[in-house]
2 protein chains.
Amino acid sequence: MKKIMITGFSGFVARHFLEYLHGEGLSYKVLGADIKEPELDLPCHGPVLDVRFEKLDMLDADALRRVVRGFRPDYVLHLAAFSSVAYSWKYPSACFDNNTKIFLNLADALRAEQLDCRVLSVGSSEEYGDVAPGKLPLVEGMPLSPVSPYAVARVAQEMMSKVFVNGFGMKIILTRSFNHIGPYQDERFVIPGFIRRILNLSAMEGEIETGNTGIVRDFLDVRDVVRAYYLLLTEGTPGEVYNICSGKGVRLSEVIEKIADIVGVSVTGKVNPAFVRPGDNQAVVGSAAKIEAELGWTPQIPLEETLKDMVECMRQDGPPAGASCAGK
Amino acid sequence: MKKIMITGFSGFVARHFLEYLHGEGLSYKVLGADIKEPELDLPCHGPVLDVRFEKLDMLDADALRRVVRGFRPDYVLHLAAFSSVAYSWKYPSACFDNNTKIFLNLADALRAEQLDCRVLSVGSSEEYGDVAPGKLPLVEGMPLSPVSPYAVARVAQEMMSKVFVNGFGMKIILTRSFNHIGPYQDERFVIPGFIRRILNLSAMEGEIETGNTGIVRDFLDVRDVVRAYYLLLTEGTPGEVYNICSGKGVRLSEVIEKIADIVGVSVTGKVNPAFVRPGDNQAVVGSAAKIEAELGWTPQIPLEETLKDMVECMRQDGPPAGASCAGK
């Protein structure tokens, strides 16, 4: 059985990645690594997947190397990251550690163990930075103008990956992933945050606090994301960068309306200046033409369905039926 | 008296920077910080300069912050770096620590102490990476294509600096410095290495081992470099990047001939494949037009004079007369 190591295993993307493998009947030995324990039922994925968890701080290079040496992965899905722009402004140096440095430690460990291993290094649409609305959608060949410490950390990770591909022959495939949303997402993120506030309304109509709801973002269902990640991990071209996005821009205010419709309430947004991020781009919309042309991937789940599943999941304070352990 | 903190204090650039200040009668309180003790006569710079040394590992963020808090610099000349491309290929992660991470720790410390401080962050011509010869000379607006871990670390440092200037209002001025040479330079570098091998010849003619001497580089006298650094530190525009270069390309084989002429011997180069760096650019030549236009800086010391001073310094196993403590 081929072996996949997944870093950032306790996050919601890893959870959906496991469900994707399981649902498709793709048999792998999986080692999940994270600094914190996952809230997952791992045995439920057997016998398709043989999943094991290892607690790991990737800043501890020796511990990371021991794990890599013990498991000898054929694939690494490197999801581990501190992907918060706000955090990066508070702690730029720690942001670098928890993005660039952990990636470098991973690459060092894979090289030291001389593994012929394919790695998916996940980056961010934040790498593009300030782009004039007239230049949208964002395509991979555009120059990068990162405007936050987080974005710079991601650009550094990407540039370093390319250097490793060219200099060491490593098989690192790169993404710039746009906003992804879906069931189980932490409520500190914008869309699940909206849903929680709307579900908490005590009447059939009400007001929720928001940031700037005039901004336009490109939202993709996390289940479409993990399908793209699997394709890239197994078939993407090392050294190449792929946008992972829906290709469609949606205003946050529209998303709020859609959620209100699903919940069956009437909602007014009220801007709380504390939620407004200064320097936020007016519009971020990507083009997924490259991954479509190379690997035939296109998004399949419409935004309405994603939001419906998220609402259902949060209403039950758990997953929608059948989703907690795909294939069960 | 205004205060300058100099990191990487035990290197040869810091030594020349002190001599420049002293020679120009520019009075400062100087705190030199380095992981290793400098081989310098510090009291000889008094009373113009009040120089003190502090042993410091900049990866120790707490220690760095204590030093910054104690000294409260008005200026930081940030020279500390592990500026070896070869080292970066061996230890990419350590290369990031000793370039990007120490810079981030410095920036964190300056912000934490809320110092209104001007910082010169030294970068490298390596940041440009692979550029077709037809596109020379290198100008600051060109896209960056770093091709070594060292180059990526420098690009990350530069991008992060710009983010700090825009986001925090920090006053960081940036350079991309090309090859600089001069007295006291470590013999592991290419030009002093040539000089040592030529001085070691036992006859009036002989052979020395070299790498690829067909490559063209842009050499600048370190005394021109430190004059540029002082100008930028005091008058450069925060967030702006300045090439520090001669603007002239010279083939390594020509440099060897010039040294042989100065020493008065006849030399043939013999390529030792171990000295050839794979992936090295054929030609690296910069344009210094930006710093000339903004600050009136131009190089003043011709290559022949630099080489003569280096030969004299290495013949005496010490400095040329009058140069060990300028103004004495």
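Which of the GluC sites (Glu not before Pro) across the range B:90-129 are loop residues per DSSP, with 15 or fewer other Cβ within 10 Å?
Passing both the DSSP loop test and the Cβ count: B:Glu113.
So what's the Cα pair-distance distribution over the range B:1-104, bin width 5 Å, in %?
That works out to 2, 12, 23, 23, 17, 11, 7, 3, 1, in percent per bin.
Please report the residue of chain B with the smallest beta-carbon distance to the B-to-A rotation axis, and give that distance in Å, no decimals.
In residue-and-Å form, the answer is B:Ala156, 2.
Among bridges DSSP assigns within the protein assembly as shown, what percent are antiparallel (round to 5)?
5 percent
What residue among A:Arg176, A:Arg217, A:Arg52 shows peak mean-square fluctuation when chain A is described by a Gaussian network model with Cα springs under 10 Å?
Sorting by GNM fluctuation, first place goes to A:Arg52.
Which GluC sites (Glu not before Pro) from the range B:5-97 combine a DSSP loop assignment with at most 10 other Cβ atoms within 10 Å?
B:Glu39
Using only the Cα atoms, work out Rg/Rh for the protein assembly as shown, with Rh taken as the Kirkwood radius, to two decimals.
1.03
Once you've got the Cα coordinates, tell me which of B:Lys29/B:Lys290; A:Lys162/B:Lys135; A:Lys3/A:Lys290; A:Lys3/A:Lys171; A:Lys135/B:Lys171; B:Lys36/B:Lys101 are over 24 Å apart.
Over 24 Å Cα-Cα: B:Lys29/B:Lys290; A:Lys3/A:Lys290; A:Lys135/B:Lys171.
If you average the C-alpha positions of the range A:236-312 and of the range B:47-64 separately, how far apart do those two centres end up, in angstrom?
Computed from Cα coordinates, the inter-centre distance equals 49 Å.
In debye, nearest 20: dipole of the protein assembly as shown around its Cα centre with unit charges on the Cβ of K, R (+) and D, E (-)?
Around 420 debye, computed over the protein assembly as shown.
Mind listing the phi-derived Karplus ³J(HN,Hα) values for the range B:55-66, rounded to whole Hz, using 6.51, -1.76 and 1.60 with θ = phi - 60°, and x for any glycine or proline?
6, 8, 9, 5, 6, 8, 4, 5, 4, 4, 5, 4
Helix A:303-315 sits at what angle to the longest principal axis of chain A, using alpha carbons and giving 0 to 90 degrees rounded to 10?
Helix A:303-315 and the main axis of chain A meet at about 90 degrees.
For peptide A:144-156, what's the mean number of Cβ atoms from other chains within 10 Å of each residue's Cβ?
Per residue, the average neighbour count from other chains is 5.
In square nanometres, what is the average projected area of the Cα convex hull of the range B:25-160?
It is 10.1 nm².
Which lysines have a Cα lying under 25 Å from the Cα of A:Lys308, excluding residues fewer than 8 positions away in the same chain?
Straight-line reach from A:Lys308, under 25 Å: A:Lys248, A:Lys258, A:Lys270, A:Lys328.
Hey, could you get me the Stokes-Einstein D for the range B:184-328, Kirkwood radius over alpha-carbon pairs, 37 °C and 0.692 mPa s, rounded to whole µm² s⁻¹?
196 µm²/s
What do you get for the angle between helix B:222-235 and the principal long axis of chain B? Use alpha-carbon atoms, 0 to 90 degrees, nearest ten.
Taking Cα atoms only, the helix is inclined about 20 degrees.
Find every distance from the label point of A:Arg72 to the corresponding label point in the other copies (7 Å from Cα along Cα→Cβ) and write them in nm, one decimal, shortest first.
6.1
What does the helix-only formula give at 222 nm for the protein assembly as shown: each DSSP H stretch with n ≥ 4 adding -39500 (n - 2.57), the total divided by the residues, and the result rounded to the nearest 500 deg cm²/dmol?
When only DSSP H runs of four or more count, the value is -11000 deg cm²/dmol.
Could you work out how far helix B:149-168 tilts from the main Cα principal axis of chain B, as a 0 to 90 degree angle to the nearest 10?
30 degrees
Scan around B:Ile172 for amide H atoms under 5 Å from its own, H built in the peptide plane at 1.01 Å from N, and keep only partners 5 or more places away or cross-chain.
Under 5 Å from the amide H of B:Ile172 lie the amide H atoms of B:Val119, B:Gly239, each far enough along the sequence or on another chain.
Taking each pair of distinct Cα atoms in the range B:119-193 once, what is the resulting Kirkwood hydrodynamic radius in Å?
13.9 Å
Stick to the Cα atoms of chain A, pair each with every other, and give me the Kirkwood hydrodynamic radius in Å at one decimal.
Final number for the Kirkwood radius of chain A is 20.4 Å.
Can you give me the relative contact order of chain B as a percent, contacts being Cα pairs under 8 Å and 6 or more apart?
For chain B, the relative contact order is 18 percent.
Return the percentage of antiparallel bridges among DSSP beta bridges fully within chain A, rounded to the nearest 5 %.
5 percent
Each reported figure results from applying straightforward, stated rules to the coordinates on display, with no laboratory input. None of the values given here were measured: they were computed from a predicted structure. With ideal geometry, Cβ positions are generated from the backbone for all residues, glycine too; neighbour counts draw on all protein chains shown.
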